[in-house]
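Working notes for the structure below.
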Amino acid sequence: MTRIVEIWSGGQSGVDRAAHDAALEAGVPIRGWIPRDRWAEDGRIADRYEGLVETDSADAAVRTELNVRDSDATLILTMGPPTGGTEWTRRCAIAHRRPVLVIDLESLEIAEAVRGTSAWLDTLPAPIRLNVAGPRASKAPAIYALAHAIVAQLLI
């Protein structure tokens, strides 16, 4: 959907990477802050993710807050309630007064998640630089495929 002009994320495995991959496939620019040295749990974040900028810190919490701050809204895709870094993302959105939507993919099918997210996006002023966040692959192995499908459909 043309109202999303950039997909922001922190480059981590799981939701972050799925969102960036879906955006690249749709021709939508990717942006985001990532930890120093392009760190992710599965190794160095590939150079093909060109729109990502390293922070001065290796602390993932720093890039999380910068991504929330520098985007217009945050979509959080989870498997159950947000925990750890995913919960930190939600708290950052509240602290920075950014719109945030949490979608629990344990309780919603992909089509329902897309409809709900699309309806939420319709309430926001366009254009939207959308930050997409959620658990890393080691915390939720099925999340990449689900997040990719959702973001891809949002970008049609």
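Laboratory data are not the source of any read-out in this text; all were calculated from the coordinates shown. What you see is a predicted model, and the numbers here were worked out from it, not measured in a lab. Positions of Cβ are generated from backbone atoms using ideal geometry, with glycine treated the same way; all protein chains shown enter the neighbour counts.
Report the relative contact order of the range 39-122, percent, no decimals, based on alpha-carbon pairs under 8 angstrom and at least 6 residues apart.
26
For a quick protection proxy, order the peptides 37-43, 69-75 by their average other-Cβ count within 10 Å, most packed first.
My ranking of the peptides, most packed first, is 69-75, 37-43.
Which distance in Å, rounded to a whole number, links the C-alpha centroids of the range 4-47 and the range 80-124?
Each part reduced to its Cα centre gives a spacing of 18 Å.
Can you give the charge dipole size of the chain about its Cα centre, rounded to the nearest 20 debye, using +1 on the beta carbon of Lys and Arg and -1 on the beta carbon of Asp and Glu?
280
If I compute Cα extents along the principal axes in Å from the structure I just sent, which labelled value in (i) 37, 32, 30; (ii) 47, 31, 30; (iii) 63, 36, 28 lines up?
(i)
Out of the GluC sites (Glu not before Pro) in the range 92-156, which ones are loop residues according to DSSP with at most 13 other C-beta atoms within 10 Å?
Sites meeting the loop and neighbour criteria: GLU106, GLU109.
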